[in-house]
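Here's the structure we're looking at; comments come further down.
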Amino acid sequence: METEITERPALKKERTPAGNIPAMSSPVITGRRKTMVVIRMWLSVAFFIYRKFPNPVHFYRILSKVIGLKNRLTINNSIQKLAEVDGRFFFNINNNGWPAKHFNRLFEIEARIIVRKDVSNFENLRMVLIGLTKKCPLKCEHCYEWNELNKKETLSLSDHRKILQKFQDAGISQFQFGGGEPMTRVHDLIELLSTAKKSADFWISTSGFNFTEENAFKLKKAGLTGVAISLDHFDPALHNVFRGYKDAYHWVEQAAVNAHKAKLVTAFSICVTRSFCTESNLLQYMLLAKKLGASFVQFLEPRSVGNYEGKDVSLHPEHEKMLEDFYFKMNNDPAFRDMPIVIYHGYRQRLIGCAGAGSRYLYVDTDGYMTSCPFCRNKTTHVLDEGVEESILKMKAEGCGKFEILT
Ligand code: SF4
């Protein structure tokens, strides 16, 4: 069932003015407590590998490869911060939280690659992004789905069930639903999550639209893990202009409050444009994210796709350098230990390659076709058709044109 977008949604009259929401408690943990959690986590991983692969040679090879992989993916950075939400710990929004049975899947896949080499490209996926809907009430400056927005849906709830089941049957344990605005299809989303296997973490990317307290609790009960809320400026008026709707900022605040109440992990996503990219702006943004109880802040770089197609929006090297320095400062400098954890994909993509294009994740668009990522729209096979394995192989070989593919 979907919410028809016939006109911009009305908001309640008793609007909370921006900034009047009391500061929420921070889910971020650091120092000794974080260290103890990381030690326990590694011990549980070692025990898991030992139980599955008791041969001492295999055990040693797998453990050292897994540690090497962790160092490669974190660019030799030790984990300085974790987010603790509802009894679980998260170091990223793209990986399973710990503890959970499915947290170990990553290590099981790596172990099988090392010992048995029997992992298909499909099984090797660690995360799948799914375009749940084409509907959205906003008109964002940077929208990558612009050319599809508010067209007729082609995938029913039953199609989405089959898609999710296909990935879950292969063991994939991390999903992120977007669109469009997934909360326009909240009833379908609740249905989908309620009937999905619980051996996965589920996230949504939302503008905050329709993220009422009631919906937040229903989604949590159905199995939602976290919510990535788009917030593109700390100034409410400028966020509203960017998003093309006068009360878009109010939705963000309400969504953050409701996610917090429902014990969902909260991340804020920002498209860092050239004009926004100053240390002072970024710091003000981080302070607001902290106040709104965010565990994570995700920096996205503008790409010339969708509504930005044909426009010169890419960051310049000096912006990238500034963002990188800021990213390290927020995550590593003890002076910023209580700030949310910053995720900056662009930095890692430039350094070690992109994990999309089926290398570790891919995007299933709102028609059910696999593409490299939400930005690189190289439509390949429909995910419910034959030939998915070959398509992923081809996608990996062709790459995305902007970054090398992570091997
Ligand atoms: S970016 Fe997201 S919220 Fe904005 S118009 Fe596109 S789909 Fe809607």
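The values are calculated or read from the model by the stated rules, or taken from the named source; none is laboratory data. From a predicted model like this one, the values you see are computed outputs, not experimental measurements. Every residue, glycine as well, gets a Cβ built from its backbone with ideal geometry; the counts of neighbours run over all protein chains shown. For accessibility, only protein heavy atoms count, side chains too; no ligands or nucleic acids. Shrake-Rupley method; radii C 1.70, N 1.55, O 1.52, S 1.80 Å.
Taking 79, 190, 39 as the candidate residues, the one with maximal mean-square fluctuation in a Gaussian network model of the chain, Cα springs under 10 Å, is 39. Accessible area per residue for the chain, computed on protein heavy atoms with a 1.4 Å probe, is 43 Å².
Computed from backbone phi, the HN-Hα couplings of the stretch 32-44 come to 4, 4, 4, 4, 4, 5, 4, 4, 4, 5, 5, 5, 5 Hz, rounded to whole numbers (Karplus: 6.51 cos²θ - 1.76 cosθ + 1.60, θ = phi - 60°; Gly and Pro given as x).
Taking every DSSP helix (H) stretch of at least 4 residues in the chain, weighting each as -39,500 (n - 2.57) and dividing the sum by the residue count yields a mean residue ellipticity at 222 nm of -12000 deg cm²/dmol. For the chain, the share of accessible area belonging to carbon and sulfur comes to 55 percent (1.4 Å probe, ligands and nucleic acids excluded). Taking a 30 Å limit on the Cα-Cα distance, which of the listed pairs 70/218; 70/321; 220/396; 152/311 fall beyond it? Going by Cα-Cα distance, 70/218; 220/396 fall outside the 30 Å limit. Each part gets one Cα centre, and for the stretch 324-352 versus the stretch 100-165 those centres are 26 Å apart. Specify whether the C-alpha gyration tensor of the chain places it in the rounded, prolate or oblate class, a ≥ b ≥ c being the square roots of the eigenvalues: rounded for a/c under 1.5, otherwise prolate if a/b is larger than b/c and oblate if not. It is rounded, given that a/c, with a ≥ b ≥ c, falls under 1.5. Charge tally around residue 64: other residues with Cβ under 15 Å, Lys/Arg +1 each, Asp/Glu -1 each, net +3. The phi torsions of the stretch 278-285, fed into the Karplus equation with coefficients 6.51, -1.76 and 1.60 and a -60° offset, translate into couplings of 10, 4, 5, 4, 5, 5, 4, 5 Hz, rounded to whole numbers, with Gly and Pro shown as x.
Below 13 angstrom from the Cβ of residue 91, what's the summed charge of the other residues (Lys, Arg +1; Asp, Glu -1)? Overall, the nearby charge balance is +2. Over all other residues within a Cβ to Cβ distance under 9 Å of residue 136, the charged ones net out to +1, with Lys and Arg as +1 and Asp and Glu as -1. Note that the stretch 54-69 has calculated 3J(HN,Hα) couplings of x, 4, x, 5, 4, 4, 5, 4, 5, 4, 5, 5, 5, 5, x, 5 Hz, one per residue in order, obtained from phi through the Karplus relation 6.51 cos²θ - 1.76 cosθ + 1.60 (θ = phi - 60°); glycine and proline are x. For the chain, the share of DSSP beta bridges that are antiparallel, to the nearest 5, is 20%.
What's the center-to-center distance, using Cα atoms, between the stretch 39-65 and the stretch 290-323 in Å? The two parts, judged by their Cα centres, are 38 Å apart. For the chain, a Gaussian network of Cα nodes joined below 10 Å ranks 245, 144, 361 by mean-square fluctuation, and the top entry is 245.
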